[in-house]
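To start, the structure under review is shown below, and the notes come after it.
The values are calculated or read from the model by the stated rules, or taken from the named source; none is laboratory data. Note that this is a predicted model, so its numbers are computed, not measured. Glycine gets a Cβ as well: all are built from the backbone with ideal geometry, and neighbour counts include every protein chain shown. These accessible areas exclude ligands, DNA and RNA; they are computed on the full protein's heavy atoms, side chains included. Shrake-Rupley method; radii C 1.70, N 1.55, O 1.52, S 1.80 Å.
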Amino acid sequence: MAVSIALRLEVEDLYSEYCAALDEERYEDWAALFTEACLYRIVPRDNHDRGLPLAVMHCESRLMLQDRVVAIRETAYYAPRYLRHIVSGIRVDAAPDGGIGGLANYLVLQTLREQPTTLFNAGRYRDVIVREDGKLRFRERLCIFDSIVVPNSLIVPL
Amino acid sequence: MAVSIALRLEVEDLYSEYCAALDEERYEDWAALFTEACLYRIVPRDNHDRGLPLAVMHCESRLMLQDRVVAIRETAYYAPRYLRHIVSGIRVDAAPDGGIGGLANYLVLQTLREQPTTLFNAGRYRDVIVREDGKLRFRERLCIFDSIVVPNSLIVPL
Amino acid sequence: MAVSIALRLEVEDLYSEYCAALDEERYEDWAALFTEACLYRIVPRDNHDRGLPLAVMHCESRLMLQDRVVAIRETAYYAPRYLRHIVSGIRVDAAPDGGIGGLANYLVLQTLREQPTTLFNAGRYRDVIVREDGKLRFRERLCIFDSIVVPNSLIVPL
């Protein structure tokens, strides 16, 4: 079911702010883009397609996302790097329960200090978005990634 | 000549569905995005710029696209892989003959099983789009790719 | 401050034309997208974040951009290559002084003759855009790139 042009562009803005928050290491701002009760999962595509439950990251509330942010801030052995999100093919549809369904392809680039930029991770976002206090927020974001080879451990969200 | 905002976003949706159909291996859905008489060509940029006719893939009807789909489904020696399309810089214009002109840059990523994601192919789409039975379809899609080095043979469309 | 949907899409068109002009080596068209007095800078993210003034490229007028174009055209030892721009996460806001603020992530791919396509450079655009003679133009474009490793010298703009 199609949504209005204004809502569609507002969802695109939400996606852009999500990427900018992560790329600029504003992790607290990133967590604030989710509803209090939410689902954030990073899953390999193989597992997802077979209905297997394994997730590389699994958070069920904004509090758990904020815990994750603290972990990022305190992980001392995590080599400094820049991430850069590229998102494409955003699709927005009305969901049956009053939410908004979102789909997009993503590519995350990584730059370690004094190294060239490399491909870090690519896949697909599957989202449920709701309006809360006038702002759009993620009630669900599923990051389904293509390669099971994740260079270095996955500490920062995708 | 500018087109309406609604039409422009509808073209963006067509592009997104094209990418999703290929990325999710819904090749029959991909073929259904073209008109019965159509032109689908994959050409190296060098050749295109010099007006040379050589194409890596050349189909003149939806039937030929469907034949190609059968070939993909039956190619046993094609190692399993995931593709992921990133599209950017979409431009939509009214074409003189009542069609719609579309332009975009694309990047296709490839992930072989248990391998990291790599760059597969990049280039430019040049399209002619028409409305048929209320739906937008490609009457022409030209994929003009930058590198003549195509890793593995090009079996799946771009 | 939000801008109208029409203006937002017009800015997206400006970004697309910017990329197409560079990718198609229409450098004169690229320079024409800036106002006569303008600022075009390419800076490493490290320096930018620390407020350091160093820039890899720095032009303060369209004339300087045109000089740069002449330099590109005359650089004989610059191996032929194709560039391909991917832009994502465009955000458009009204600026306090009547201009338009633009933000986006970018990825530039490079293809040397008979070589595979590779990542060339990625980063963020920060823009100030104004309307002049009915057309949108860049009064400022800052290209803030992530990796200090720039393969080959940076001759063509980002």
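The residue list C:ARG45, C:ARG41, C:ARG50, C:ARG26 contains one member that is in contact with a Gly (Cβ under 9 Å, 6 or more places away or on another chain) and on the phi < 0 side of the Ramachandran plot, which is C:ARG45. Filtering the range B:64-93 to residues that are within 14 Å of chain C (Cβ to nearest Cβ) and out of contact with any helix residue (DSSP H, G or I) (no Cβ under 7 Å at 6 or more places or on another chain) leaves B:ILE86, B:SER88, B:ASP93.
A count restricted to the range B:15-30 and to residues that are within 18 Å of B:VAL128 (Cβ to Cβ) and either open to solvent by 10 Å² or more (accessible area, probe 1.4 Å) or at pLDDT below 95 (or both) stands at 1. Residues in the range A:40-54 that are in contact (Cβ under 8 Å) with a residue 12 or more places away in the chain and either farther than 26 Å from A:ASP133 by Cα or open to solvent by 50 Å² or more (accessible area, probe 1.4 Å) (or both): A:ILE42, A:VAL43, A:PRO44, A:ARG45, A:ASP46, A:HIS48.
Say we look at the range B:1-14 and pick out the residues that are at the interface with another protein chain (Cβ under 10 Å from one of its Cβ atoms) and assigned to a helix (DSSP H, G or I); which of these is least open to solvent (accessible area, probe 1.4 Å)? Only one residue tops the list, namely B:LEU9. Is the range B:92-107 home to any residue that is under 21 Å from A:ILE90 (Cβ atoms) and without any contact (Cβ under 8 Å) to a residue 12 or more places away in the chain? Taking every residue of the range B:92-107 in turn, none turns out to be under 21 Å from A:ILE90 (Cβ atoms) and without any contact (Cβ under 8 Å) to a residue 12 or more places away in the chain. Just wondering, is there one or more residues in the range B:138-153 that are within 13 Å of chain C (Cβ to nearest Cβ), touching a Lys or Arg at 6+ places or on another chain (Cβ under 6 Å) and touching a residue at least 24 places away in the same chain (Cβ under 8 Å)? Within the range B:138-153, one or more residues are within 13 Å of chain C (Cβ to nearest Cβ), touching a Lys or Arg at 6+ places or on another chain (Cβ under 6 Å) and touching a residue at least 24 places away in the same chain (Cβ under 8 Å).
When residues in the range A:1-39 are screened for being of a type in the set (Val, Ile, Thr) and free of Cβ contacts under 8 Å to residues at least 24 places away in the same chain, 1 of them pass. Checked against the criterion of being closer than 25 Å to C:GLU36 by Cα, modelled with pLDDT under 95 and in contact with a strand residue (DSSP E or B) (Cβ under 8 Å, 6 or more places away or on another chain), the range C:96-113 has at least one qualifying residue. Counting just the residues of the range B:72-91 that are over 17 Å from the mean Cα position of the chain (by Cα) and touching a residue at least 24 places away in the same chain (Cβ under 8 Å), which one comes out nearest to B:GLU12 (Cα to Cα)? In this case the residue turns out to be B:ARG81. Condition test on C:ALA37, is it open to solvent by less than 70 Å² (accessible area, probe 1.4 Å) and among the small types (Gly, Ala, Ser)? So C:ALA37 fails the test.
Restricted to strands (runs of 3 or more DSSP E) entirely inside the range A:55-158, those with at least 3 residues that are open to solvent by 70 Å² or more (accessible area, probe 1.4 Å) and out of contact with any Pro (no Cβ under 7 Å at 6 or more places or on another chain) are A:135-145.
Before we move on, is C:ARG113 at the interface with another protein chain (Cβ under 9 Å from one of its Cβ atoms) and free of Cβ contacts under 8 Å to residues at least 24 places away in the same chain? So C:ARG113 does not fit the description; no.
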